[in-house]
Amino acid sequence: MDQERRGNLAIGSLLLLVGAWFLAIQFFPDFALAVRMEYAWPVWIIGVGATFLLIAALTRTPGFAVPAAIIAGVGGLLYYQNATGDWASWAYAWTLFPGFVGVGTFLMNVMEGKFREAVSEGLGLLFISAILFAIFSSFLGGPAFLGDYWPVLLILAGGWMLLRSFWKR
């Protein structure tokens, strides 16, 4: 079975399971009472991301690892914000998205057996995301890792990019 057909099979199975869950809630309302949706809804989003990752592993479609990491990462952010009420953290939380893509890229390359690419691509995006998070959270009201010295990261990143332009690969 080719990769496109396996992907369609995986997404179709996921839609079938989600639809069956919502149909069961309509006919058996006690299911919905067992899970308090007003508090647990971000966990469902994390669960969708975990399902995508499981589908990636079971159907040998490593490309699903990237959306799995993004969806689970968004679910984790929403869980934090729902639990703390810190909805203003979206001002700097967007900087974590390259990190989510980095985690997905890392997992995808590991599933494909490309360990060198997993480290260089995945961890590179995680590093960029961490730098962006430190910079933007410092001046947008988040955790001030660097205090008033956050511009130093911009200077270091610019210097690193200038030096890299002189090195040949």
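Coordinate-derived values only; no laboratory data. Because the structure is predicted, anything quoted here is derived from the model rather than measured. For neighbour counting, all protein chains shown are included, and Cβ atoms are generated from backbone atoms with ideal geometry for every residue, glycine included.
The label point for LEU14 and the one for SER165, both projected 7 Å from the Cα toward the Cβ, are 4.0 nm apart. Once both labels are positioned 7 Å from their Cα atoms along Cα-to-Cβ, the gap between ILE131 and GLU117 label points is 2.3 nm.
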